[in-house]
Structures are given as structure tokens and as C-alpha cells.
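The values are calculated or read from the model by the stated rules, or taken from the named source; none is laboratory data. Since the model is a prediction, treat every value here as computed from it, not as a measurement. Backbone-built Cβ (ideal geometry, glycine too); neighbour counts: all protein chains shown. With ligands, DNA and RNA removed, areas are computed over all heavy atoms of the protein, side chains included. Shrake-Rupley method; radii C 1.70, N 1.55, O 1.52, S 1.80 Å.
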Amino acid sequence: QVQLVESGGGLVQPGGSLRLSCAASGRIFSVNAMGWYRQAPGKERELVAAITGRGNTRYADSVKGRFTISRDNAKNTVYLQMNSLKPEDTAVYYCNADLRSFGSDRYYDYWGQGTQVTVSS
């Protein structure tokens, strides 16, 4: 079985910073792209940032210049450094990975359980 486990969420004041981590574990053969999504109450889930296996990145316009995505391929882990946080960044953040497990002949999307990020004074 493959699992994605997130950590690092919490409550932070506007202007503050948080770092999210997501580790993929289990019988993993290969990991392609990894990313972070978020979902605020009453809104659809949206892409925040994504990174390919080669390190190419893309960001939602709303977080460009404030958030940085990175990964450690040896640990199958993706990070999201969030700076200059705003109240509108409040949401549940989900980790996503496009990966292939041992015994499978194709890649599938896997999701973490989500971690709450609340930006409030």
C-alpha cells in the first residue's frame, strides 16, 4: 500500500510562515510529479503548486513570489514553504503524487489526508 502523510499545518498570524511536508511511503517504484492543492470552505479544490521529477515548478498566480515548492527524490518527499501568509490562504492543504507502485504497470494519483492551515490574527 502507498500512503502520503502530510505535516506542518497549523495556526499562523498574517505575514507569518509555515512549511508543509508530505512523505510518500510504501511499495513505490517511481514518483512522477508531486504537488499541493488546497480547498477552502465552500470552494473547489485548487492547485497551489506542482513540481516534476526533474524539478520544474508551477504555481497558482495567487501564491507566486510567496510560496516555494521543493522535493527530495531520495525521500519521496515534497515540501511547501509558505511565506507572507494571508487570511485568504486559509484552507485544508492536500498533497498529491503521480506515482507507480511495485506490481503496477501504470501511474496513479495518490492523495494525502489533508492538513489545516489557518491564517488569522
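Just a few scattered comments:
- Every pair of residues 6+ apart whose Cβ atoms lie under 9 Å, when the first sits in the range 17-36 and is among the basic types (Lys, Arg) while the second is open to solvent by 30 Å² or more (accessible area, probe 1.4 Å) and assigned to a strand (DSSP E or B): Arg19/Tyr79; Arg19/Gln81
- Number of positions in the range 48-94 that are surrounded by fewer than 15 Cβ atoms within 10 Å (Cβ to Cβ), more than 13 Å from the chain's Cα centre (by Cα) and polar (S, T, N, Q): 5
- Taken over the range 58-92, the criterion of being aromatic (Phe, Trp, Tyr) and without any contact (Cβ under 8 Å) to a residue 12 or more places away in the chain is satisfied by Tyr59 alone.
- Scope the range 95-108; condition among the acidic types (Asp, Glu) and either surrounded by 11 or more Cβ atoms within 10 Å (Cβ to Cβ) or touching a helix residue (DSSP H, G or I) at 6+ places or on another chain (Cβ under 8 Å) (or both); matching residues: Asp98
- Yes/no for Pro41 being in contact with a Pro (Cβ under 7 Å, 6 or more places away or on another chain) and either aromatic (Phe, Trp, Tyr) or within 18 Å of Lys86 (Cβ to Cβ) (or both): no
- Taking the criterion of being buried (at least 21 other Cβ atoms within 10 Å of the Cβ) and under 18 Å from Gly53 (Cβ atoms), the only residue of the range 13-23 that qualifies is Cys22.
- Output for the range 30-69, where each listed residue is farther than 17 Å from Asn96 by Cα and among the polar types (S, T, N, Q): Ser62
- Checking each residue in the range 93-113 for being over 14 Å from Arg19 (Cα atoms), out of contact with any Lys or Arg (no Cβ under 6 Å at 6 or more places or on another chain) and in contact (Cβ under 8 Å) with a residue 60 or more places away in the chain picks out Asn96, Ala97, Asp98, Leu99, Arg100, Gly103, Ser104, Tyr110, Trp111, Gly112, Gln113.
- Matching residues, the range 93-121, being under 16 Å from Gln3 (Cα atoms), polar (S, T, N, Q) and not in a loop (DSSP other than H, G, I, E, B): Asn96, Ser101, Thr115
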